[in-house]
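Here is the structure we will look at.
The values are calculated or read from the model by the stated rules, or taken from the named source; none is laboratory data. Owing to the predicted nature of the structure, the values given are computational and were not obtained by experimental measurement. Backbone-built Cβ (ideal geometry, glycine too); neighbour counts: all protein chains shown.
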Amino acid sequence: MPLASLRLTPTPPFNFAETLSSHGWVVLAPNTYHKETNSFSRIEELPGGAVVHLRVSAEGENVLIRAESAATLTAAQKNVIKTRVAHMLRLDDDYSTFYKLARKKGPPWAILARRGLGRMFRSPTVWEDAVKTVLTTNIAWGGTKRMAATLVNKWGAPSPLDPKQRAFPTPQAIAAVPLKKFEAKAGLGYRGPYLHQLARRLSAGELDLQVWLDPSIPADDLYRQLLAVKGIGPYAAANLLMLLGRYDRLGYDTIYRDFVSAKYFSGRVLPLKDMLAVYDDWGEWKFLAYWFEMVMAEE
DNA sequence: TTCCAGGGGTAGA
DNA sequence: TCTACCCATGGA
């Protein structure tokens with residue numbers, strides 16, 4: 001079986017382990033987290049339909065991708081893999097102004113820069129991140145994992161190396177399933193019709209989610225575009241803004257409510273405006289300040 | 001049995 | 001812009 005070793009060089013400071021564990025995405029199918037080796041694996045479908053097994057780990061300061069495939073990969077396929085993994089790990093992002101602000105605030109914030117915190121793990125496509133975000137709404141984490149696994153197992157492209165292992169389903173694969181059948185087999189509850197409609201719109205070319213990665217779109221416009229998608233409300237839109245690299249708008253959910261009320265208001269829940277004002281002075285970095293303050297509090 | 005989980009859509013004000 | 005009400009699903 002052809003095996004290719006590909007390498008990526010992140011901009012320091014980069015912390016591979018912290019990036020993987022930055023939030024829960026790394027354990028959602030088709031990702032598998034390997035704690036013992038500080039790595040993750042993933043089945044990935046490439047343009048043209050080839051399905052490959054990726055194993056991603058740290059190699060000194062670099063990132064090593066081992067790609068196993070049925071046929072020898074072309075240079076173009078290797079480039080796609082490198083681009084997608086770099087996107088997942090946010091290797092090209094610049095956190096220097098965030099770290100500068102953290103250092104200015106002194107302890108305990110200065111540790112953010114020393115540890116290279118800030119990169120939030122994400123999916124290769126906005127489609128996958130949008131689906132997974134909807135799968136986190138109004139459900140316990142175990143339910144999110146179950147639903148992601150069901151989508152992959154039922155409609156993901158199978159690997160020629162091991163047909164039991166599958167990639168994340170494309171919008172086309174989901175759009176091809178009749179709605180009633182999709183609802184019955186996916187077990188997504190009220191989320192089913194929303195995701196099916198999104199898949200159909202993407203499949204028909206009515207909508208292109210990748211354009212949301214364009215940093216020139218004003219944040220407020222982007223937020224409105226996100227809310228215009230059925231199934232995406234204020235919480236999901238804020239989570240997606242984070243995944244798209246915009247950290248200036250906080251999502252208010254039960255996690256935020258519980259953490260901020262305990263940390264800043266002696267367990268009381270204040271009006272929304274006051275709850276959100278806690279991180280105001282972090283400007284464009286509000287979400288990362290909130291998230292990593294919570295990470296540090298758990299340690 | 002009842003509650004609720006990293007909410008969202010809709011109608012009506 | 002805000003509120004009440006309903007919306008599947010599965011674990012506790």
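Here are A:Asn38, A:Asn31, A:Asn62: which of them is more than 24 Å from A:Ala130 (Cα to Cα), touching a strand residue (DSSP E or B) at 6+ places or on another chain (Cβ under 9 Å) and free of Cβ contacts under 8 Å to residues at least 24 places away in the same chain?
Testing whether each residue is more than 24 Å from A:Ala130 (Cα to Cα), touching a strand residue (DSSP E or B) at 6+ places or on another chain (Cβ under 9 Å) and free of Cβ contacts under 8 Å to residues at least 24 places away in the same chain leaves just A:Asn38.
Could you list all residues from segment A:213-257 that are farther than 30 Å from A:Pro178 by Cα, of a type in the set (Gly, Ala, Ser) and part of a loop (DSSP other than H, G, I, E, B)?
A:Ser216, A:Gly245, A:Gly251
If the requirement is being basic (Lys, Arg) and surrounded by 14 or more Cβ atoms within 10 Å (Cβ to Cβ), which of these qualifies: A:Arg249, A:Arg268?
A:Arg249
How many of the residues making up segment A:97-145 are hydrophobic (A, V, I, L, M, F, W, C), over 30 Å from A:Lys82 (Cβ atoms) and in the same structural domain as A:Arg201 (by TED's automatic domain parsing)?
Summing the residues that are hydrophobic (A, V, I, L, M, F, W, C), over 30 Å from A:Lys82 (Cβ atoms) and in the same structural domain as A:Arg201 (by TED's automatic domain parsing) in segment A:97-145 gives 3.
Among residues belonging to segment A:213-223 that are in contact with a helix residue (DSSP H, G or I) (Cβ under 9 Å, 6 or more places away or on another chain) and free of Cβ contacts under 8 Å to residues at least 60 places away in the same chain, point out the one that is farthest from DNA strand B (Cβ to nearest atom).
Applying the filter and picking the extreme gives A:Asp214.
Which ones in segment A:158-186 are farther than 13 Å from A:Glu128 by Cβ and in a loop (DSSP other than H, G, I, E, B)?
Listed by number, the residues that qualify are A:Ser159, A:Pro160, A:Leu161, A:Asp162, A:Pro163, A:Lys164, A:Gln165, A:Ala176, A:Val177, A:Pro178.
Just one of the numbered conditions (1) surrounded by fewer than 17 Cβ atoms within 10 Å (Cβ to Cβ); (2) outside any loop (DSSP other than H, G, I, E, B); (3) touching a residue at least 12 places away in the same chain (Cβ under 8 Å); (4) within 16 Å of DNA strand C (Cβ to nearest atom) is not true of A:Gln210; which one?
The failed condition is (4).
Is there any pair with a first residue in segment A:270-282 that is closer than 12 Å to A:Arg249 by Cα and a second that is surrounded by fewer than 19 Cβ atoms within 10 Å (Cβ to Cβ) and polar (S, T, N, Q) whose Cβ atoms are under 9 Å apart and which are 6 or more apart or on different chains, and what are they?
Correct list of pairs: empty, since none qualify.
What number of residues in segment A:186-207 are in contact (Cβ under 8 Å) with a residue 40 or more places away in the chain and either buried (at least 17 other Cβ atoms within 10 Å of the Cβ) or under 18 Å from the mean Cα position of the chain (by Cα) (or both)?
Selection size over segment A:186-207: 6.
Taking the condition within 16 Å of DNA strand B (Cβ to nearest atom) and on the phi > 0 side of the Ramachandran plot, does A:Gly142 pass?
When the stated conditions are applied, A:Gly142 does not pass them.
Condition first: over 26 Å from A:Leu46 (Cα atoms), free of Cβ contacts under 8 Å to residues at least 24 places away in the same chain and in a loop (DSSP other than H, G, I, E, B). Can you find one or more residues in segment A:138-152 that meet it?
yes
Looking only at residues in segment A:153-185 that are of a type in the set (A, V, I, L, M, F, W, C) and over 21 Å from the mean Cα position of the chain (by Cα), which one is farthest from A:Ser41 (Cα to Cα)?
A:Leu179
Every residue in segment A:11-37 that is over 18 Å from the mean Cα position of the chain (by Cα) and more than 23 Å from A:Thr144 (Cα to Cα), please.
Result: A:Thr11, A:Pro12, A:Pro13, A:Glu36, A:Thr37.
Looking at segment A:96-109, is at least one residue surrounded by 22 or more Cβ atoms within 10 Å (Cβ to Cβ) and within 16 Å of DNA strand C (Cβ to nearest atom)?
For segment A:96-109, residues surrounded by 22 or more Cβ atoms within 10 Å (Cβ to Cβ) and within 16 Å of DNA strand C (Cβ to nearest atom): absent.
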